[in-house]
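Some notes on the structure that comes next.
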Amino acid sequence: MADPSSYRPKPGQIPDSPGVYKFRDEHRRVIYVGKAKNLRQRVANYFQDLANLHPRTRTMVTTAASVEWTVVSTEVEALQLEYSWIKEFDPRFNVKYRDDKSYPYLAVTLNEEFPRVQVMRGAKRKGVRYFGPYGHAWAIRETVDLMLRVFPVRTCSAGVFKNAARTGRPCLLGYIGKCSAPCVGRVTPEEHHELAEDFCDFMAGRTGTYIRRLEKDMMQAAEEMEYERAARLRDDAEALKRAMEKSAVVLADATDADLIAVAEDELEAALQIFHVRGGRVRGQRGWVTDKVEAVDTSGLVEHALQQLYGEERGDAVPKEVLVPALPEDAEAVSQWLAERRGSQVSLRIPQRGDKKDLMATVQRNAQQALGLHKTKRASDLTTRSRALEEIAEALGLDTAPLRIECYDISHLQGDDVVASMVVFEDGLARKSEYRRFQIKGFEGQDDVRSMHEVIGRRFKRYLQEKERTGEWEEQPPAAAPAAGPAPTGPVPAVAEDAEPREDDGRPKRFAYPPQLVVVDGGQPQVAAAKRALDELGIDDIAVCGLAKRLEEVWLPDDDDPVVLPRSSEGLYLLQRVRDEAHRFAITYQRAKRAKRIRTSPLDDVSGLGETRKQALIKHFGSVKKLRQATIDEICEVPGIGRRTAESVAAALASTAPAAPAVNTATGEIIEEDDGGNS
């Protein structure tokens, strides 16, 4: 635990300008990012008597080892820089909302020649128009099915589209009138793109125009006695009305707004967002967060606004944002939102009428989400804590192993030997910390030797990180005694930095040591891992192995295994860790083997990239036909010069088969037509 006074800035050193500040720990990792109108006043508050600080703030300042700041011109710039740094450094003491699920969106790929309507999840892509999010994917499909009568936009995948274009026959939707069939040229790319734009306009809330137009065309068709066309237009209008009815009107003035509500207790907070477009609720989602910093409702709202709109532009930021409490600097936040939208944004608390009533509904949803989350979380926390305590007790550890690393070796009959390292923190997988290794020290199959190599390489990197950052301190060699009395007191340690220290605050690879190393295997693998640690002088990391046959836990230098009860939560956690390491290793091994199998003779041609390889195969049809081509014929391929053509011909000649392959069952000669694989 650090003493904040040890890194407190000197009086007058901190400017009184707007800016953003970062607290770093002893490993130079950024653990907290904040912004301030006046840096001097805000940062000084962290260095008062610890007894006066909020418990979470006290934990942060005693974990930190330094503080630094960046001055900016305006409070809006400070808001933007704070968001960027929180996203970049992922500080452990900043509030970070996490989605309780991956919400589906209705997406229109306007960036394609023939836009497609589909369900999408995950990160948003450039050039794609999104609507939602929706609670269920089936709700999107029901809406789309109704709207395709009026806006017959393409919904098929790229493969189906290409196949229809090749055969000249559209899919079933093209035959029943729910797709305009651009694949076979029934509409031009421009006409289809206009259909997609109309679809987006309707989904964005501009519904009245289309329904009035359909009703007008229907009346005109009836007057001209085109009754079949009038009936079809009537059905189209009814379909659009049914699609609209799926989202009831909640704001009579057809407002575009996002409503944000927060439910919180001392430890956690739940956030609910309703997206209202054209007066109708078009999407809903919720987030949950741990209150790792001392933050009130206005602070939670500010963090939510940053996360909601930090990557958005244009109409994705609505005209109105209704919140339960205004951020501390509401004016700067409103200006930041307006810059992202490109026009004025109203950020306010609803006081009366429909908007206040709808906010009460959003608030009830937030309260329910928090209650449901706490019910699930209590069970999960209790189980994980019990599992870690059981492991600590069974292995004789002083504390529960909050970080566990597990290693596994994978190969196929001695080929493509690889290893995996998976990390579990607080009983949960931390996939960003996973690592994989290729065995480089020897050829062939030897799991014990492979385990020794991998553990040695991993923890050698750990020691290098400690040495680079100055944590690994060595006593300097004793100098020859000088004349006179010897100095009294301890000789100060000197930290050696062979490389420049990186102060970017990002997590370093292999920088954090585990409390427990688990290896997939029995006594031999455990002994190899322990020997690798001993050779590096590391004696404060526990090692164990989990053997598959009887699920026994082996410890170094013990002749008998530790047998945990089959119902033990600790054994279940070790099994999960081991199985995850096995999955990660075998996935890497299979990918490596598949890549080796897919190699082509063209891979050995220097300077020949993937694009020109594909051009050669496409031009000639196969490696066999390319091998039979002359140098002049190879030069006819766009982008292939004579020198490259000579290299291609030489490479293929050196790998030509000595004799044709023969099917031993039928006696037939097997033609080589591999399309580029060998």
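Using amide H atoms built 1.01 Å from N in the peptide plane, name the residues 5+ places from Arg149, or on other chains, whose amide H lies under 5 Å from its own. Amide H to amide H, under 5 Å and 5 or more residues apart or across chains, Arg149 pairs with nothing. With all protein chains in place and a 1.4 Å probe, the accessible surface of region 516-608 carries 48 percent carbon and sulfur.
Highest mean packing comes first when the peptides 561-569, 306-314 are listed by Cβ atoms within 10 Å, giving 306-314, 561-569.
Per-residue 3J(HN,Hα) values for region 415-422, derived from phi via the Karplus relation 6.51 cos²θ - 1.76 cosθ + 1.60 with θ = phi - 60°, read 9, 6, 6, 9, 9, 10, 10, 10 Hz in sequence order (x marks Gly and Pro). Under 5 Å between amide hydrogens, built in the peptide plane, is the criterion, and for Gly19 it picks out Ala36, Leu39, Val72 among residues at least 5 positions away or on other chains. Spatially, region 151-172 and region 43-66 are offset by 62 Å when compared through their Cα centroids.
The magnitude of the dipole of region 1-69, with charges of +1 and -1 set on the Cβ of Lys/Arg and Asp/Glu and taken from the Cα centre, is near 240 debye. When the Cα convex hull of region 512-579 is projected onto planes of every orientation, the mean area is 4.8 nm².
The phi-based Karplus calculation (6.51 cos²θ - 1.76 cosθ + 1.60; θ = phi - 60°) puts the 3J(HN,Hα) values of region 4-11 at x, 5, 6, 10, 5, x, 6, x Hz, whole numbers, x for Gly and Pro.
Less than 5 angstrom separates the built amide H of Ala65 from those of Arg24, Asp25, Glu26, all sequence-distant by 5 or more or on a different chain. Ordering 85-96, 346-357, 147-158 by mean Cβ neighbour count within 10 Å, with the highest value first, yields 147-158, 85-96, 346-357.
Quickly rank 419-425, 634-640 as a protection proxy: mean count of other C-beta atoms within 10 Å, highest first.
The packing order, highest mean first, is 419-425, 634-640.
Of the listed pairs Lys96/Lys291; Lys35/Lys87; Lys440/Lys592; Lys548/Lys595; Lys291/Lys355; Lys126/Lys178, which have alpha-carbon separations greater than 18 Å here? Going by Cα-Cα distance, Lys548/Lys595; Lys291/Lys355; Lys126/Lys178 fall outside the 18 Å limit.
Normalised per residue, the accessible area of region 48-101 is 50 Å², obtained with a 1.4 Å probe and no contribution from ligands, DNA or RNA.
Note that region 167-178 has calculated 3J(HN,Hα) couplings of 8, x, 10, x, 7, 4, 4, x, 6, 9, x, 9 Hz, one per residue in order, obtained from phi through the Karplus relation 6.51 cos²θ - 1.76 cosθ + 1.60 (θ = phi - 60°); glycine and proline are x. Relative to the globular-protein estimate of 2.2 N^0.38 Å, the Cα radius of gyration of region 16-60 stands at 1.20. When the Cα positions of Ala581, Ala532, Leu608 are compared along the charge dipole of region 518-619, Leu608 comes out farthest toward the positive end, with charges on each C-beta of Lys, Arg, Asp and Glu.
Taking every Cα-Cα distance in region 1-124 and sorting them into 10 Å bins from zero, the calculated P(r) comes out as 12, 33, 26, 13, 11, 5, 0 percent. For region 510-632, the convex hull drawn through the C-alpha positions has a volume of 210 cubic angstrom per residue. Taking only alpha carbon atoms, region 264-318 gives an Rg to Rh ratio of 1.02, where Rh is the Kirkwood radius.
The values are calculated or read from the model by the stated rules, or taken from the named source; none is laboratory data. From a predicted model like this one, the values you see are computed outputs, not experimental measurements. Cβ: placed from backbone, ideal geometry, glycine included. Neighbour counts: every protein chain shown. Areas reflect the complete protein model, heavy atoms only, side chains present, ligands, DNA and RNA absent. Shrake-Rupley method; radii C 1.70, N 1.55, O 1.52, S 1.80 Å.
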